[in-house]
Amino acid sequence: MAKILLVEDDAFLAVSVKDWLTAANHSVDVVSDGPGGLDWIISGQYELVILDWELPLLSGVEILNLIRARGLDVPVIMMTGRGSAEDKVEGLDSGADDYIAKPFELKELGARIRSVLRREHGSKRSSKLSFGDLLIDEPSSAVTCKGIPLKLSRTEFALLEKLVRFPDRVFSCDVLLDKVWSTDSDTSADTVRSHLTRLRQKLDSNNSVCTISNSYGLGYKIVLRPTSTSRKS
């Protein structure tokens, strides 16, 4: 699961791509013009940008040149109707990590996204994560506890994935809200806390050695229960 920005002025294509990626458990925001896309990329909150070449007011290549000049290394997939070898070279030379020509199959875009994310994060973005007795398989959005499937909602899965990927990090509600929910969501910090409470309850009911700890005033992290109080299988 990744937080993705799609910069595309074709409304029909943007909706199709967003719906498909959302179904694949990604969090997707959409911007339809160049200057807006540039501002959102500079915000630094995205793990991947899908960037159309032909955009109103500011082209995708111009955006790429500007963000790379700023030292921003967010991975970018250039999406365009320009399919010549020369256009591809220009896009990649401008700083794109990959290039996909329209029209394309959504499955191909998904494969390119997975490839770029793997290259970007290396072993840290392994498709399988483990912590305590939990095993997370990202491609299938599946979680097991002691080898037994753990039934989670899409949002609970996304929260657990973030916590397990960075087990030493304390996440505030605001950070989790930013990482898991799209910016056009009306979700509040109370909703984040409610999801985390349900997630903790599911771990408890499955007798996991893992639980979610709340550091008052700081945020949440996943921890192993002290040995003396660990639940018995």
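The values are calculated or read from the model by the stated rules, or taken from the named source; none is laboratory data. Because the structure is predicted, anything quoted here is derived from the model rather than measured. Cβ coordinates were reconstructed from backbone atoms using ideal geometry, including for glycine residues, and neighbour counts include every protein chain displayed.
Can you spot a residue in region 148-159 that is of a type in the set (Val, Ile, Thr), in contact with a strand residue (DSSP E or B) (Cβ under 7 Å, 6 or more places away or on another chain) and at pLDDT 85 or above? The answer is no, given that none of the residues of region 148-159 is of a type in the set (Val, Ile, Thr), in contact with a strand residue (DSSP E or B) (Cβ under 7 Å, 6 or more places away or on another chain) and at pLDDT 85 or above. The residues of region 140-181 that are touching a residue at least 60 places away in the same chain (Cβ under 8 Å) and not in a helix (DSSP H, G or I), listed by number, are 141, 145, 146, 181. If residue 46 passes every condition in (1) farther than 21 Å from residue 112 by Cα; (2) touching a Leu at 6+ places or on another chain (Cβ under 7 Å); (3) among the hydroxyl-bearing types (Ser, Thr, Tyr) but one, which one does it miss? Among (1) farther than 21 Å from residue 112 by Cα; (2) touching a Leu at 6+ places or on another chain (Cβ under 7 Å); (3) among the hydroxyl-bearing types (Ser, Thr, Tyr), residue 46 violates only (1).
Would you mind stating whether residue 38 is more than 23 Å from residue 114 (Cβ to Cβ) and surrounded by 16 or more Cβ atoms within 10 Å (Cβ to Cβ)? Criteria met by residue 38.
Looking across region 203-221 at every residue that is out of contact with any Asp or Glu (no Cβ under 8 Å at 6 or more places or on another chain) and of a type in the set (A, V, I, L, M), the one that is farthest from residue 173 (Cα to Cα) is identified as 203.
Please verify whether region 81-92 includes one or more residues that are surrounded by 20 or more Cβ atoms within 10 Å (Cβ to Cβ) and closer than 30 Å to residue 161 by Cβ. Scanning region 81-92 turns up no residue that is surrounded by 20 or more Cβ atoms within 10 Å (Cβ to Cβ) and closer than 30 Å to residue 161 by Cβ. Counting only strands (runs of 3 or more DSSP E) wholly contained in region 2-117, the ones carrying 2 or more residues that are among the hydrophobic types (A, V, I, L, M, F, W, C) and modelled with pLDDT of 90 or more occupy 3-7, 27-31, 48-52, 76-80.
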